[in-house]
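The block underneath contains the structure these notes are about, expressed in structure tokens.
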Amino acid sequence: MFGWKKKRGASPDDLMARLRPDLSRESLGVGPGFPGVAPNPFLSGDARKRNAELRTGVLALGVLVGWREVNSNPRVVLMFDVETADGISFRGIADEGLTVTELTRLAPGQTLPVRYRPAVMDHYVALARDADPVHVQRLSDEIASRKRT
């Protein structure tokens, strides 16, 4: 209608690369198996479901690699090198809404508790803001002892 046609074959990743080149897979330094930036979690049913599952996910530690601001809410995409209690390491991505204060405290190399879904293992993680500091320290000690041996 009115001269608009849906273009066939254009994937969401292609659209993201055109609209936000700084959030494309290439600029984030990840391969084709890595998830693209999710649609707004307040609008997408899949994103809401994933975020609900991540809130109850398994605790792991993530070393912050970098981040990109998605909009001025500020909503950011955080990239982590994640290590689990089981000894699994993977690159994780978190789509988070942060306050300006939290955003100014981010620094590459910073270790933060994250939650992931071991049954899915799709690279999506979420910040574990509710994690017990004692449990996080125990997990950190366990991962450090495994690296020493």
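Below, the figures for the structure above:
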| read-out | value |
| --- | --- |
| Subset of the range 112-149 that is out of contact with any strand residue (DSSP E or B) (no Cβ under 9 Å at 6 or more places or on another chain) and of a type in the set (Ser, Thr, Tyr) - its residue that is least open to solvent (accessible area, probe 1.4 Å) | Ser145 |
| The range 84-106 residues that are exposed (fewer than 11 other Cβ atoms within 10 Å of the Cβ), paired with ones that are among the basic types (Lys, Arg) and in a helix (DSSP H, G or I) (beta carbon under 9 Å, 6 or more apart) | Gly87/Arg146 |
| Filter pass, Ala60 being modelled with pLDDT under 75, buried (at least 16 other Cβ atoms within 10 Å of the Cβ) and among the hydrophobic types (A, V, I, L, M, F, W, C) | no |
| Qualifying residue in the range 52-67 (condition: of a type in the set (Ser, Thr, Tyr), in a strand (DSSP E or B) and either closer than 19 Å to Ala131 by Cα or in contact with an Asp or Glu (Cβ under 8 Å, 6 or more places away or on another chain) (or both)) | no |
| Selection from the range 54-83 of residues that are out of contact with any strand residue (DSSP E or B) (no Cβ under 6 Å at 6 or more places or on another chain) and without any contact (Cβ under 8 Å) to a residue 24 or more places away in the chain | Asn71, Ser72 |
| Selection from the range 63-98 of residues that are at pLDDT below 90 and of a type in the set (Lys, Arg) | Arg68, Arg75 |
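The values are calculated or read from the model by the stated rules, or taken from the named source; none is laboratory data. All figures in this text were calculated on a predicted structure; none of them were measured in a lab. Because the Cβ atoms are built from the backbone with ideal geometry, glycine has one as well, and the counts that use them run over all protein chains shown. Accessible surface areas use protein heavy atoms only, side chains included; no ligands, DNA or RNA. Shrake-Rupley method; radii C 1.70, N 1.55, O 1.52, S 1.80 Å.
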